[in-house]
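The values are calculated or read from the model by the stated rules, or taken from the named source; none is laboratory data. Keep in mind that what you see is a predicted model, and the values were worked out from it rather than measured. Backbone-built Cβ (ideal geometry, glycine too); neighbour counts: all protein chains shown.
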Amino acid sequence: MKFSEFEAETWDEMKKFFDTCLLPVTGLTGSEAPHEAAERLELLRDVMDWIESPFQGRVVTYPAVQYGGAEAADQINRIIQGVRQAGFIYVIVASAVEELNEELLSGVNLIVTPQRYAKSAGQHKSQNPAVQEQILRLWQEGK
Amino acid sequence: MAHNDKSKQEKVVFVGDSRVRRGNGFVTPPDYTAYPGKSEAFIPNFLLKEWMVGVVVLVGFLVLTISEPAPLGFPADPSASVIPMPDWYFLFLYQYLKYPYASGNYVILGTIGIPTVAFGALLLAPFLDTSKERRFYKRPIASALMFLSLASLVYLTNFAWTHYKHELEKAGVEPEHIQREEQALENRLAGLPPAGSEPQAEIAIVDKDDPAMEFYTKATCISCHGADLKGSGGPSLRGIGDKHDKEAILAIIKEGYNGKMPEMYTAAMNAGLTDEDVDHLAEWLAKQKAEAVE
Amino acid sequence: MFKNVYDWIDERLDITPIWRDVADHEVPEHVNPAHHFSAFVYCFGGLTFFITVIQILSGMFLTMYYVPDIINAYKSVEYLQTQVAFGQIVRGMHHWGASLVIVMMFLHTLRVFFTGSYKAPREMNWVVGMLIFFVMIGLGLTGYLLPWDNKAYFATKVTLEIANSIPVLGPVMKELLQGGTIVGAETLTRFFAIHVFFLPAVLLILLVGHFIMIRRQGISGPL
Amino acid sequence: MSHQHEEHESSHKPPVRKEMSRRQFLTYTLGGATAFMVAGVTLPMVRFAVDPILRDKGEGAFVKVAEVSKITNEPQEFHFELKQQDGWYLSTANLVAWIRKDESGNIYALSPICKHLGCTVGWNSNSNFPDQYHCPCHGAHYTKEGKQLAVASKPLDEYKVMIKDDWVYLGEIVPNTIVS
């Protein structure tokens, strides 16, 4: 579910079900032409679709970090700490920046990027078995 | 319903309203008795004649609605360049306002002055032309004024319409509703569903992650045909395989297309693509067919 | 069968005088085309009314499919004209009816003018007639915008510009008709309301007045 | 009563062809003209108004998904695109259905949207719940017919099924009717 779909009152009881936060990182530098920026966002939207549509009842998508690639890693880490304080147990980063990997992003549970999981994309747009499997394993270990 | 005996039924008496003067039955307008002539009962005799005229007019009217469909242009778009034309019965006013003494610094005269006088006189005609005489040829002023305004109406409307037609030719533009009808005809001949039913189903890109996609971006085709080949500025390339085959696409890349698209071969070359890449790109584009994706 | 039903009602409500008074009047010779064909000009009033009835009916049926907002107006008109059976006929009736009713009304006005039938005692009927003329022109003007295609949009823009050029009242009238500062969403819904509710209401009242006067005073005598 | 009596009596006399009076003729023609004018105007409008009920429904609401021969007792996942044409609005929904043939042979299709919070359930996706639908998010699971066993409060929704010349057509999503 998107962050905008929750009201204050409903969030308290829904909190215990939604323990995973999806943080998109677009990694724009600002030097892109308008259509290139659009293309990057579209790329990221497909990646987020792999996570959002099958796990709609447990994942909350937070507003994306639009600008800043690898050099913004520590800023993204601070955001991830913030998200954990908000009560989320797992944080998944969907990033269109290949350089952002596990060393740079310390606090994140799973990083999903187009290149890493492009090969296993299911023949239907919103399906990526490898990503789903990763997330399931993440939830099973965490339990 | 039981046939109850009529006589026992209580007679219904229509209670008049005391304040309303009891009329003397039918209103016999004085005029008829004053002119005995050969008058005729309205129902059914005259009404039948009147409705014969009604039937003829209705048939003509229905034939008109069947033969000439109501025009419909393209959706309103404030940035469209369209020669504005009001409905035909406003043309005379529209044309009149173009004259020097009805616009510019005489605009008060044009918008309030003369129209108010003209329409005001028409509205108050019975109070201006108060003589008893009714035959128009015996009322020179009123009739002359009316003939004058009729003549000017016809002249102004005709002038506005011919001017509009002239402007259309000069601008080389066809009125939109005719364009839309031609397009609808073409669609019907090409067997596409009529506009307004389902908008063209989206044709998906055939094998999206083919390396040709990079050539497509590098050779800057993306800047006009859009990231998802749906076209931004340039036309959509979805289903282009149905329209042109590989050689035709190669030719288009090399020489451009009907004056709108410049040749892109040199752009591809200095973007670092080899001739083989461009060939592969053309082949990939030729595969973009509507029903190929299953 | 109808006779008995009619008698049954007539016994209870005495409706005979009502329609007798309306319909059972002698038709004098000078308006009867059967006697001299030049009297056909007296038909224009009746035809105008006949087409007005067609306009009201076709207009009512069109509102079953038409949507007066700027996103859907055009699509609804295109949908009803291409997808719905007889849609093109009904919209055609309304479109051509609009032009035809103005032609017929104009001919009717000319007939009354040139036969001097507006002379006393029928001055009021002429004034009511002219008011009907202006209401019809208003209906044409507001109705023209409703399909919200380019021709309609720009024609209305021009007309409102003309209204705007009236010195004092102009800008106020334009703003009022536009329902805002531009020709846009508010204009369309406002024109729709004027075209479908306000002007027809005024028209019907004027028509009733027009018919009552014609019944009361009868047709003007021969020239 | 007197009315029948007269009729009975007049039938003896040879029937005299009654001439139609001028007035009758005028009234009949007037009736005819009125009928034509009323019909000419209102018939197209009435047809225009009743079009929704006469429009050929076709199976716009249904979409061909799979051959009947391919359906087994074991539920299988099928992806399909349902196009809904609503007036001038066209909405295309990419949907998923688990279709299965039960013991008595009739075919039904379940929607994989978990009734708890909307995650996508999978068939046999969890070892400790064999032959059941299992939801990855909060562990809700359902029987083959979609009956909810834990966490969820309602059974899985169902698709309307139509079998036509051995193809399975799926329509709109409706609450579960198999389990109740």
Restricted to the range C:101-111 and to residues being out of contact with any Leu (no Cβ under 6 Å at 6 or more places or on another chain) and crowded, with 21+ Cβ neighbours inside 10 Å, the residue farthest from the other protein chains (Cβ to nearest Cβ) is C:His108
Here is a list of conditions, (1) hydroxyl-bearing (Ser, Thr, Tyr); (2) over 15 Å from the mean Cα position of the chain (by Cα); (3) within 27 Å of B:Ala118 (Cα to Cα), and C:Thr181 meets all of them except one; can you say which number that is? (3)
Would a scan of the range C:47-67 turn up a residue that is among the polar types (S, T, N, Q), in contact (Cβ under 8 Å) with a residue 24 or more places away in the chain, crowded, with 19+ Cβ neighbours inside 10 Å and more than 24 Å from C:Ile219 (Cβ to Cβ)? yes
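Quick grid of which residues meet (1) closer than 23 Å to C:Gln81 by Cβ; (2) in contact (Cβ under 8 Å) with a residue 40 or more places away in the chain; (3) not polar (S, T, N, Q):
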{"site": "B:Val57", "(1), (2), (3)": "no, no, yes"}
{"site": "B:Phe61", "(1), (2), (3)": "yes, no, yes"}
{"site": "B:Leu123", "(1), (2), (3)": "no, no, yes"}
{"site": "B:Ser131", "(1), (2), (3)": "no, no, no"}
{"site": "B:Arg135", "(1), (2), (3)": "no, no, yes"}
Among (1) more than 14 Å from every other protein chain (Cβ to nearest Cβ); (2) surrounded by 13 or more Cβ atoms within 10 Å (Cβ to Cβ); (3) assigned to a loop (DSSP other than H, G, I, E, B), where does D:Arg100 come up short? (3)
Restricting the range C:81-98 to residues that are over 18 Å from C:Trp148 (Cα atoms) and facing chain B (nearest Cβ under 7 Å), the one surrounded by the fewest Cβ atoms within 10 Å (Cβ to Cβ) turns out to be C:Gln83
Note on the range B:82-91: residues buried (at least 18 other Cβ atoms within 10 Å of the Cβ) and over 27 Å from C:Val41 (Cα atoms) are B:Val82, B:Met85, B:Pro86
Hey, any hits in the range A:43-56 for a residue that's in contact (Cβ under 8 Å) with a residue 40 or more places away in the chain and farther than 22 Å from A:Val131 by Cβ? no
Breaking point among (1) of a type in the set (Asp, Glu); (2) within 9 Å of another protein chain (Cβ to nearest Cβ); (3) surrounded by fewer than 20 Cβ atoms within 10 Å (Cβ to Cβ); (4) under 30 Å from D:Tyr89 (Cβ atoms), for C:Glu78: (3)
What about D:Gly87, is it of a type in the set (Gly, Ala, Ser), at pLDDT 85 or above and farther than 20 Å from A:Gln127 by Cβ? no
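Considering the range B:138-175 alone, what residues qualify as being under 19 Å from B:Pro126 (Cα atoms) and of a type in the set (Ser, Thr, Tyr)?
B:Ser143, B:Ser149, listed by residue number.
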Kindly list the number of the only condition in (1) free of Cβ contacts under 8 Å to residues at least 60 places away in the same chain; (2) in contact with a helix residue (DSSP H, G or I) (Cβ under 6 Å, 6 or more places away or on another chain) that fails for B:Glu176. (1)
Looking at the range A:20-39 only, could you name the residues that are out of contact with any strand residue (DSSP E or B) (no Cβ under 6 Å at 6 or more places or on another chain), facing another protein chain (nearest Cβ under 10 Å) and touching a residue at least 12 places away in the same chain (Cβ under 8 Å)? none
Go through (1) modelled with pLDDT under 75; (2) out of contact with any Ser or Thr (no Cβ under 8 Å at 6 or more places or on another chain) for B:Ile249 and report which single condition fails. (1)
Anything in the range C:52-72 that is out of contact with any His (no Cβ under 7 Å at 6 or more places or on another chain), facing chain D (nearest Cβ under 10 Å) and assigned to a helix (DSSP H, G or I)? List them, or say none. C:Val53, C:Ile54, C:Leu57, C:Met60, C:Phe61
Return the residues of the range A:134-143 that are away from chain D (no Cβ under 11 Å) and either within 14 Å of A:Trp50 (Cβ to Cβ) or at pLDDT below 80 (or both); say none if nothing qualifies. A:Gln134, A:Gly142
Out of C:Leu160, C:Leu141, C:Leu204, C:Leu176, I need the residue that is within 20 Å of the chain's Cα centre (by Cα) and more than 8 Å from every other protein chain (Cβ to nearest Cβ). Which one? C:Leu204
Is it fair to say B:Val20 is surrounded by fewer than 10 Cβ atoms within 10 Å (Cβ to Cβ), more than 30 Å from C:Trp96 (Cα to Cα) and at pLDDT below 90? yes
Go through the range B:83-119 and count every residue that is of a type outside the set (Ser, Thr, Tyr), closer than 16 Å to B:Val154 by Cβ and more than 10 Å from chain C (Cβ to nearest Cβ). 4
When you scan the range A:21-34, how many residues do you find that are surrounded by fewer than 19 Cβ atoms within 10 Å (Cβ to Cβ) and of a type outside the set (A, V, I, L, M, F, W, C)? 5
Residue selected from the range B:63-81 under the condition touching a residue at least 12 places away in the same chain (Cβ under 8 Å) and crowded, with 20+ Cβ neighbours inside 10 Å, by the criterion nearest to C:Leu139 (Cα to Cα): B:Leu72
I'd like to check something: does the range B:137-151 contain any residue that is in a helix (DSSP H, G or I) and of a type in the set (D, E, K, R)? yes
Can you name every residue in the range D:112-141 that is away from chain A (no Cβ under 13 Å) and assigned to a loop (DSSP other than H, G, I, E, B)? D:Asn124, D:Phe129, D:Pro130, D:Asp131, D:Gln132
